[in-house]
1. How much length is gained on full extension from residue 60 to residue 79, taking 0.36 nm per residue of separation minus their Cα-Cα distance?
2. Of all accessible surface on the range 106-164 at a 1.4 Å probe, what whole percent is carbon and sulfur?
3. Fully extended, how many nm does the chain gain between residue 100 and residue 149 (0.36 nm per residue separation, minus their Cα-Cα distance)?
4. Which GluC sites (Glu not before Pro) in the range 42-87 pass both tests, a DSSP loop state and at most 10 other beta-carbon atoms within 10 Å?
5. Just list whichever of 54/89; 62/116; 28/57; 28/62; 62/101 have alpha carbons separated by over 26 Å in the model shown.
6. Take residue 31 and residue 156, extend 7 Å from each Cα along the Cα→Cβ direction, and tell me the distance between the two endpoints in nm.
7. Once a ≥ b ≥ c are taken as the square roots of the eigenvalues of the Cα gyration tensor of the range 43-116, is the result rounded (a/c under 1.5), prolate (a/b larger than b/c) or oblate (a/b not larger than b/c)?
Amino acid sequence: MKQNIIAGIVIIALVACFAIYNIATQKKPVEYYITTGYGTYDNTIIDEYRIFQKMFKNVSLKETMSNSITYEKENVLEYFNEEYFQNKKVAVLVVYEDNAKEYIYGINEVVYNDDKTEVTINYHYKVGTFADTYANTWNNFMFVELEPTVQNANFVLDNSSLKQ
């Protein structure tokens, strides 16, 4: 009887440890904003509102964007306004899409160096199989909020999280 109780306690403890470990090591999803545009733009950091406005106009960005976690809609220029750029920077990551194929894209991870002057943004972008006839093209713009100390960003294509 004592052995069964001890075995039960050990099993419960092991299950609890396993659950706590899984929760503690689970990666928090990266929050970013998504919208579409019709012009091209290099992956870069923007630190001034006037540059953001110019990009918005030149690439014909859609006025609304959605949050990658909550799916809430925001007005692009109201969110990334002059006050925003007084306190933060934004990384712009752009991927192509059309309606002829399936595209999978997103941001996997944002990693800062120790003094937060450099950031590495790991993203995935995969072109899938044929989906429809070719009729329309656009670019997907992903905006990642950055600390104001960031001077350099590395954009790293990382498709290791995608199943083949």
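1. Full-extension gain reported as 5.1 nm.
2. 49 percent
3. 13.6 nm
4. 72
5. Numbers: 54/89 15 Å; 62/116 31 Å; 28/57 33 Å; 28/62 28 Å; 62/101 22 Å.
Checking Cα-Cα distances, 62/116; 28/57; 28/62 exceed 26 Å.
6. 2.4 nm
7. Numbers: a/c = 1.65, a/b = 1.20, b/c = 1.37.
Judged from the Cα gyration tensor, the range 43-116 comes out oblate (a/c at least 1.5, b/c at or above a/b).
The values are calculated or read from the model by the stated rules, or taken from the named source; none is laboratory data. Here the structure is a predicted model, which is why all the values come from computation and not from measurement. FYI the Cβ positions are ideal-geometry reconstructions off the backbone, even for glycines, and counts take in every protein chain you see. Areas reflect the complete protein model, heavy atoms only, side chains present, ligands, DNA and RNA absent. Shrake-Rupley method; radii C 1.70, N 1.55, O 1.52, S 1.80 Å.
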